[in-house]
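Here the structure is laid out as structure tokens; the discussion comes afterwards.
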Number of protein chains: 2
Amino acid sequence: MAVLTPCLALVLCVVVSFLVLRSRRQSKVVDPRGKTQADFKPWVDQDLQDDSQVPTGEDEEGKWADSNVEDDVPHVPYSPQRHPEDKMLQRSHHFYALMNQRRSVRFISPEPVPREVINNVVRTAGTAPSGAHTEPWTFVVVSDVDTKHRIRLIVEEEEEMNYRQRMGDKWVKDLAKLRTNWIKEYLDVAPYLILIFKQTYGVLPVKKTHYYNEISVSIACGILLAALQNVGLVTVTSTPLNCGPQLRLLLKRPPNEKLLMLLPVGYAAKDATVPDLTRKPLEDIMVHI
Amino acid sequence: MAVLTPCLALVLCVVVSFLVLRSRRQSKVVDPRGKTQADFKPWVDQDLQDDSQVPTGEDEEGKWADSNVEDDVPHVPYSPQRHPEDKMLQRSHHFYALMNQRRSVRFISPEPVPREVINNVVRTAGTAPSGAHTEPWTFVVVSDVDTKHRIRLIVEEEEEMNYRQRMGDKWVKDLAKLRTNWIKEYLDVAPYLILIFKQTYGVLPVKKTHYYNEISVSIACGILLAALQNVGLVTVTSTPLNCGPQLRLLLKRPPNEKLLMLLPVGYAAKDATVPDLTRKPLEDIMVHI
């Protein structure tokens, strides 16, 4: 204590403040693979944390240019097809009935599915609207047996880690039940895996943030699900926890692309089952004013 | 300086560290309406910043229960309709052609649209998958003339502010062109406005975070867009900047609901135009491995 002069004390204050600030700043930067015990939150997809929705100052000008992309394009007349009211009502009933038969299915048949059907389904997803018409999506369609298996190994390894970390003491008690949660046989079995990447920024001609890219790509995924249901194929919408960076490297996607969803696609297995769930009735999801 | 004893210096260190920590923590909490000049980023929807994807420690147990909701439900056989390959191909072509005619339309006819068609479109959106089957969406369908006009006033006021803030000096030069960007006549004219809220957490029976609620609700929005296109109605997908809190209060939605999208819905106006944009070809959005 005797060596602490007032000046030294002031210097100490500054150093402590600096260190505190620095440690707080560092805790914001998450290296997807460099997990420490303290930072590790296995149930958060760390790739999703790079919140590309929030622009930094440097992108401000780019955003402005972006958001007016449509202003610079000439307009053309648009006359979509119209149906008489009874036909509209009938079409709306029919489409609802079709979509309401859709379920998330984890039991997928290995039977082959025509490539051109998958191409058309992806084309359909690509008709989704997107912020400033950036079309910020990449659909990686995997049918290669070896690549599917590597994907499975990555997803299962991370899933098992998630469950172990999350469960703690409960882990040992309920092993058999949990096992079904991280074994993803369908990743080998399904004829196609569709991995949907969001492009968080564009690189041509200059780097530009893609605003609302996650919302845009999720909308495209909704249309993809409708297209799959329309042709009688099944899938399960999964957001593989923490696997994004590894899968991105495996599939050789550039750093501006982040994995948003992984869909195994095929016919339902003959003995497929689904949980006996119901959907909320209209009055629980809609308010009319 | 003479009064700075070593003990006082240490106390000072602690106080400074505390203040630094506190100020950094406070800067993370954004009051949607309490904008300061430094914090104000008009092009970021502040409602979207409450990143409900990232769970806090207190919700950990709830998440665990959530994510296994399907384990507690008995399974039932599932045999979706299958089509022969030529039929699948034909259906995939047809649905792609239908969806590819969809455009974002800002010129909407005031003609009435049957309520039951809107009900079926919302029912269809409600068939979307969601994290842990939480169905975290509320569709507020507004046909009331006065409420539509109040919505317009809120959206236009914020939009104008956004443009003014963003433009700075360029503002005066290009007023006429910009004006079209914040005047949203369709909010009065369209027979329906559908405001889609994401439920960031559930309140019954206990408060539980809804994981991936934004992705789930965006997927539902994609299916909604497909359903609208299927009946020959048009819309434009908008994410009204910063209007979420005001619109939530106007529509009397609870605090766990955040506005994600606003869709004006109706027939296309007779003189509707759209920007002459094209979509990326398949080879630019799909990679096959």
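Compare the Cα positions of A:Leu263, A:Ile215, A:Pro240 along the charge dipole of region A:106-269 (+1 at Cβ of Lys, Arg; -1 at Cβ of Asp, Glu; about the Cα centre) and return the one farthest towards the positive end.
A:Ile215
Which trypsin sites (Lys or Arg not before Pro) does region A:236-273 hold that lie in a coil by DSSP with at most 11 other beta carbons within 10 Å?
A:Lys252, A:Lys270
Compute the label-point distances linking A:Pro112 to its equivalents in the other copies; points lie 7 Å from Cα along Cα→Cβ; give nm, one decimal, shortest first.
Computed spacing set for this position: 5.6 nm.
Anything over 18 Å Cα to Cα? Flag those among A:Lys198/A:Lys252; A:Lys280/B:Lys252; B:Lys87/B:Lys280; A:Lys148/A:Lys184; B:Lys148/B:Lys184; A:Lys207/A:Lys252, in the order listed.
A:Lys280/B:Lys252; B:Lys87/B:Lys280; A:Lys207/A:Lys252
May I ask you to sort A:Arg150, B:Arg106, A:Arg82 by Cβ crowding, counting other Cβ atoms within 10 Å and putting the fewest first?
The fewest-first ordering by Cβ neighbours comes to A:Arg82, A:Arg150, B:Arg106.
Could you give me the ³J(HN,Hα) list for region A:222-234, computed from phi with Karplus coefficients 6.51, -1.76, 1.60 and θ = phi - 60°, whole Hz, x at Gly and Pro?
For region A:222-234, the Karplus-derived couplings read x, 5, 4, 4, 5, 5, 5, 4, 4, 9, x, 9, 10 Hz, x marking Gly and Pro.
Over the whole of A:273-279, what's the average partner chain Cβ count within 10 Å per residue? Rounded to a whole number, please.
Average per residue, whole number: 6.
So, R0 is 56 Å and r is the distance between the beta-carbons of B:Glu160 and A:Glu116; what FRET efficiency does that work out to, to 0.05?
0.70
Put a point 7 Å out from Cα along the line to Cβ at B:Asp271; what are the distances to that point in the other copies, in nm, shortest first?
6.6
Per 0.36 nm of contour for each residue apart, how much would the distance between A:Val206 and A:His93 grow if the chain were fully extended, relative to their Cα-Cα spacing?
Length gained, A:Val206 through A:His93: 36.1 nm.
Closest approach to the B-A rotation axis by any Cβ of B: residue and distance in angstrom?
B:Gly222, 1
What ranking do A:Glu257, A:Glu85 get, fewest neighbouring Cβ atoms within 10 angstrom at the top?
By the 10 Å Cβ count, ascending, the order reads A:Glu85, A:Glu257.
In peptide B:115-123, how many Cβ atoms from other protein chains are near each Cβ within 10 Å, on average?
6
Once you have a ≥ b ≥ c as the square roots of the Cα gyration tensor eigenvalues for region A:106-269, tell me rounded if a/c is under 1.5, and otherwise prolate or oblate according to whether a/b is larger than b/c.
Note, shape of region A:106-269 comes out oblate.
Suppose the chain between B:Leu282 and B:Gln81 were pulled fully straight at 0.36 nm per residue; how much longer would it get relative to their current alpha carbon spacing?
Result: 69.6 nm gained on full extension.
Label points 7 Å out from Cα along the Cβ direction at A:Thr147 and B:Val145: separation in nm?
Computed distance between label sites A:Thr147 and B:Val145 equals 5.8 nm.
If R0 is 30 Å, what FRET efficiency do you get for A:Lys252 and A:Val73 from their C-beta distance, rounded to 0.05?
0.35
Quick note: the coordinates plus some simple rules give every number you see, no bench work behind them. Bear in mind that the values here come from a model prediction, so they are computed numbers and not experimental data. Neighbour counts run over all protein chains shown; Cβ positions are idealised from the backbone, glycine included.
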